[in-house]
1. Give the total of Lys-Lys pairs in the chain with Cα-Cα distances below 21 Å; include a pair only if its members are 8 or more places apart or on different chains.
2. Mind checking the full-extension length gain between Lys46 and Tyr18? Use 0.36 nm per residue of separation minus the Cα-Cα distance, one decimal, nm.
3. If you build a Gaussian network model of the chain, linking Cα atoms that sit under 10 Å apart, which residue out of Ala32, Ala69, Ala54 swings the most?
4. Tally Lys and Arg at +1 and Asp and Glu at -1 over the other residues with C-beta under 14 Å from the C-beta of Ser17: what net charge comes out?
5. Give me Ser5, Ser17 sorted ascending by neighbouring Cβ count inside 10 Å, so fewest comes first.
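What follows is calculated from the coordinates using simple rules that are stated; it is not laboratory data. Everything numeric here is computed off the predicted structure, so don't read it as measured data. Here the Cβ is made from the backbone with ideal geometry for all residues, glycine too, and neighbour counts use every protein chain on show.
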Amino acid sequence: MLELSVCIGSSCHLKGSYNIIQLFQQMIEENALHDKIDFKANFCMKECQGTGVAVSLNGTAHHVQPENAREFFKNTIMPNLKMPKSKNE
Ligand code: FES
């Protein structure tokens with residue numbers, strides 16, 4: 001399971017986190033990824049200084065702008081889903 005969370009703290013909210021959440025939800029729906037991605041919203045991740053909304057992917061912080069969110073999903077999130085699963089999963 002991939003852990004994906006989007007910051008909804010005030011600084012990220014102003015940068016468009018709501019739009020990113022909407023888009024990620026839509027992408028998860030379109031690609032039927034409900035059982036592969038654990039999607040959450042998070043309060044401030046102490047990453048406010050970055051340009052863009054703080055998005056955590058398996059514990060690694062990224063900064064995503066709403067206009068690049070679709071690309072981020074395709075280029076950064078999707079490839080992580082193709083990683084071979086460990087035998088214990
Ligand atoms: S408000 Fe998003 S990291 Fe601080």
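1. Qualifying lysine pairs in the chain: 11.
2. Numbers: separation 28, 0.36 × 28 = 10.08 nm, distance 1.79 nm.
Value of the extension gain: 8.3 nm.
3. Ala32
4. On the way: positive: Lys15, Lys40; negative: Glu47, Glu67.
Summing Lys and Arg as +1 and Asp and Glu as -1 gives 0.
5. If I rank by nearby Cβ atoms, fewest first, I get Ser5, Ser17.
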